Amino acid sequence: MASLGLGFFVAAVVSAAALMAPPAVAQLRPYYYSSICPNLEVIVRSSVQQSMAQSPISAPAALRLFFHDCAVRGCDASIMIVNPNGDDEWRNPDNQSLKPEGFQVILNAKAAVDSDPQCQYKVSCADIMALAARESIVQSGGPFYEVELGRYDGRLSTKASVVLPHANFTLDQLNAFFSGLGFSQSEMIALSGGHTLGAADCPFFQYRIGTDPTMDPNFASQLDSTCRSNPTSGFAFLDSSPVTFDNTFYRNLQAGKGLLGSDQVLYSDVRSRGTVNYYATNQGAFFGDFVAAMTKLGRVGVKTAATGEIRRDCRFPN
């Protein structure tokens with residue numbers, strides 16, 4: 001999906017058990033770098049703030065990048081790898097909509113971390129991605145949470161490893177993908193709230209205009225005008241407060257103003273509507289469940305020193 005937001009089109013069809021080895025998860029803890037790189041979080045926070053000041057796309061793009069990384073080979077920064085032969089995750093057709101601003105957020109933060117002599121080449125790109133995702137949320141008005149750290153970077157990245165759902169997925173299809181990562185339907189709906197940030201390009205929702213009865217007619221008319229006026233570069237925001245992390249996404253779904261079919265189905269399908277209604281009226285509950293789901297996602301496919309490395313350059317294995 002060509003989105004600046006979270007874009008939960010990220011799930012590889014694998015079992016959570018295969019991705020989440022208990023010893024790897026056990027190594028994660030919030031203060032993993034306290035004696036290795038004590039200023040890590042301050043450095044990343046400042047770097048993300050600078051990136052966001054340069055482009056409003058930075059926060060949603062970095063957040064989305066984290067999801068696309070974790071759900072393919074696990075949270076190992078394999079999405080960042082650039083292979084000389086062109087066979088890497090980010091060049092899979094389904095990842096071509098990832099925005100360069102998201103990658104740049106990570107590269108900037110990595111450079112800032114490595115500029116500290118105490119930290120140089122000691123912090124993984126995977127952990128920087130996790131921290132940058134948190135900062136993108138917090139600095140957009142969302143909840144603060146402790147990020148578990150201690151991931152190692154993967155060494156592999158291939159086009160074939162990327163399996164992504166599509167913007168027209170049904171609730172059953174969404175549940176099938178996310179259950180493969182170990183998420184319940186409610187957790188999937190909480191994660192989907194990340195679409196409160198960012199935008200999507202016209203090709204990923206234009207097919208719904210005039211054909212999907214769950215779309216508000218006035219909203220459909222606005223989208224039609226936008227996409228007709230800008231056939232190659234048209235886009236629309238995923239919710240009506242696209243740079244603020246809040247629960248507006250769910251209220252938009254109640255009003256038939258979900259941009260993507262795979263978002264609107266969360267309300268149009270009665271099996272998931274109750275959760276949407278709950279988050280639409282209780283932002284605190286959404287924030288709490290989103291944080292729990294983000295923490296759980298961050299544990300997927302974690303690499304250890306035996307199975308990974310700490311890359312000097314996030315784009316290339318050592």
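The values are calculated or read from the model by the stated rules, or taken from the named source; none is laboratory data. None of the values given here were measured: they were computed from a predicted structure. Cβ atoms come from the backbone with ideal geometry, glycine included; neighbour counts cover every protein chain shown. The area values use the complete protein model at the heavy-atom level, side chains included, leaving out ligands, DNA and RNA. Shrake-Rupley method; radii C 1.70, N 1.55, O 1.52, S 1.80 Å.
What value in Å³ per residue do you get for the convex hull of the alpha-carbon atoms in the stretch 171-297?
104
Give, as ranges by residue number, the residues of the stretch 277-301 whose backbone N falls under 17 Å from the point 7 Å along Cα→Cβ of S161.
Under 17 Å, as judged by backbone N against the label point of S161, lie 298-301 of the stretch 277-301.
With every protein chain present, what is the per residue accessible area of the chain (1.4 Å probe, Å²)?
Working: 12280 Å² over 318 residues.
Averaged over the residues of the chain, the accessible area is 39 Å².
At a Förster distance of 25 Å, what's the computed FRET efficiency of D216 paired with T295, Cβ-Cβ distance as r, to 0.05?
0.15
Do you know the relative contact order of the stretch 39-164, to the nearest whole percent, from alpha carbon pairs under 8 angstrom that are 6+ apart?
Working: 179 pairs, mean separation 47.5, N = 126.
Averaging sequence separation for qualifying contacts and normalising by length gives 38 percent for the stretch 39-164.
Which length gain, in nm to one decimal place, applies between N318 and N282 when the Cα-Cα distance is subtracted from 0.36 nm times their residue separation?
Here the answer is 8.3 nm.
Taking a ≥ b ≥ c as the square roots of the eigenvalues of the Cα gyration tensor of the stretch 25-73, is the shape rounded (a/c under 1.5), prolate (a/b larger than b/c) or oblate?
Verdict is oblate for the stretch 25-73.
Can you tell me, using C-alpha contacts under 8 Å and at least 6 residues apart, the relative contact order of the chain as a whole percent?
Once divided by the residue count of the chain, the mean separation gives 28 percent.
Calculate the dipole size of the chain relative to its Cα centre from +1 charges on Lys and Arg beta carbons and -1 charges on Asp and Glu beta carbons; express the result in debye to the nearest 20. Before the final figure, lay out each step's value.
Working: 24 positive and 28 negative charges, 53 e Å.
Dipole of the chain, to the nearest 20 debye: 260 debye.
Kindly provide the pair-distance distribution of the stretch 248-318 built from C-alpha pairs, with 5 Å bins from 0 and whole-percent values in order of increasing distance.
Binned Cα distances yield the sequence 3, 14, 16, 15, 13, 8, 6, 10, 11, 3.
Treating the chain as a set of equal point scatterers at the Cα positions, no solvent, please give the Debye-formula log₁₀ I(q)/I(0) at q = 0.07, 0.08, 0.14, 0.15 Å⁻¹.
Debye intensities relative to I(0), on a log10 scale: -0.25, -0.33, -1.03, -1.18.
In whole Å and largest first, what semi-axes does the C-alpha gyration tensor of the stretch 39-164 yield when each eigenvalue is scaled by 5 and square-rooted? Write out the running numbers ahead of the final one.
Working: eigenvalues 102, 55, 34 Å².
For the stretch 39-164, the semi-axes come out at 23, 17, 13 Å.
Counting helices only, and only those DSSP H runs with n ≥ 4, report the 222 nm mean residue ellipticity of the chain as the sum of -39,500 (n - 2.57) divided by its residues, in deg cm²/dmol to the nearest 500.
Value at 222 nm, helices only: -13500 deg cm²/dmol.
For the stretch 97-242, compute Rg over Rh where Rg is the Cα radius of gyration and Rh is the Kirkwood radius from the inverse mean 1/r over Cα pairs. Don't jump to the answer; show the numbers that get you there.
Numbers: Rg = 18.8 Å, Rh = 18.4 Å.
Taking Rg over the Kirkwood Rh, I get 1.02.
Once neighbouring chains are kept in place and the probe is 1.4 Å, which whole percent of the accessible area of the stretch 39-164 is contributed by carbon and sulfur?
Using a 1.4 Å probe with all protein chains present, the stretch 39-164 comes out at 53 percent carbon and sulfur.
Tell me, what % of the accessible area of the stretch 171-297 is carbon and sulfur with a 1.4 angstrom probe?
52
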